[in-house]
Amino acid sequence: MTRIIGIDPGSRRTGYGIIDAVAGKMTYVTSGIIRLPEGSLPERLKIIFNGVSQLIEQYAPEEMGIEEVFLSHNASSALKLGQARGAAIVAGVNAELPVGEYSARSIKLAVVGTGAADKSQVQMMIVQLLKLSSSPAEDAADALAVALCHAQTSRALAATGAKGYARGRLK
């Protein structure tokens, strides 16, 4: 069994999802949102780091997947998102987890079957794939999708005998 934490980073809300992967079967463990208060960006980054660190300590995942920064028309938003990602990645690396990074398109492709899927399609597939009784919040569903994408990528890497993650691809 491999326990995986998926992170959907954000400077206002950071989604997390944790699954167990055993021989291609994925099982839901938990999911939720780290909600960030108004305040300075450094304080919000500290909350992300501490929140992800606490989740890692509590649930003991063995691997982490995280969504890459998407291109944005607003450079300031993209920079803040990148910093939020960095805080979450440092929490994972600090716990010695291997970290896979995945584009939004590759996550949607892995979960829905098309890289152009919308958020409601992702939520619907998360419910189906993990046999949930209700749909998780949008950010939590996105984080679970990251975890599922990571599980699929890890399984494919293991099948080929390859090791390592770099932006969701082989190093």
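We did not get these values from a lab; they are worked out from the coordinates using the rules stated. All of these numbers come straight from a predicted model, not from anything done at the bench. Quick reminder, even Gly has a Cβ in these numbers, built from the backbone with ideal geometry, and neighbours come from all protein chains shown.
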Query raised in the report: Taking each full run of DSSP H in the chain as one helix, which ones are at least 15 Å long along their axis (Cα atoms) and have mean Kyte-Doolittle hydropathy of at least -1.0?
Result: 41-59, 75-94, 119-130, 138-160
Requested in this report: Could you list the square roots of 5 times each eigenvalue of the Cα gyration tensor of segment 2-160, that is, the equivalent ellipsoid semi-axes, sorted largest first and rounded to whole Å?
Outcome: 23, 18, 15
Query raised in the report: How about segment 26-110: which GluC sites (Glu not before Pro) there lie in a loop by DSSP and see at most 11 other Cβ atoms within 10 Å?
Result: E38, E96
Query raised in the report: In segment 39-86, what is the volume of the convex hull around the alpha carbon atoms, normalised per residue and reported in Å³?
Result: 70
**Report entry** Peptides 102-112, 126-136, 75-85, 144-154 ordered by average Cβ neighbours within 10 Å, highest first
**Finding:** 144-154, 102-112, 75-85, 126-136
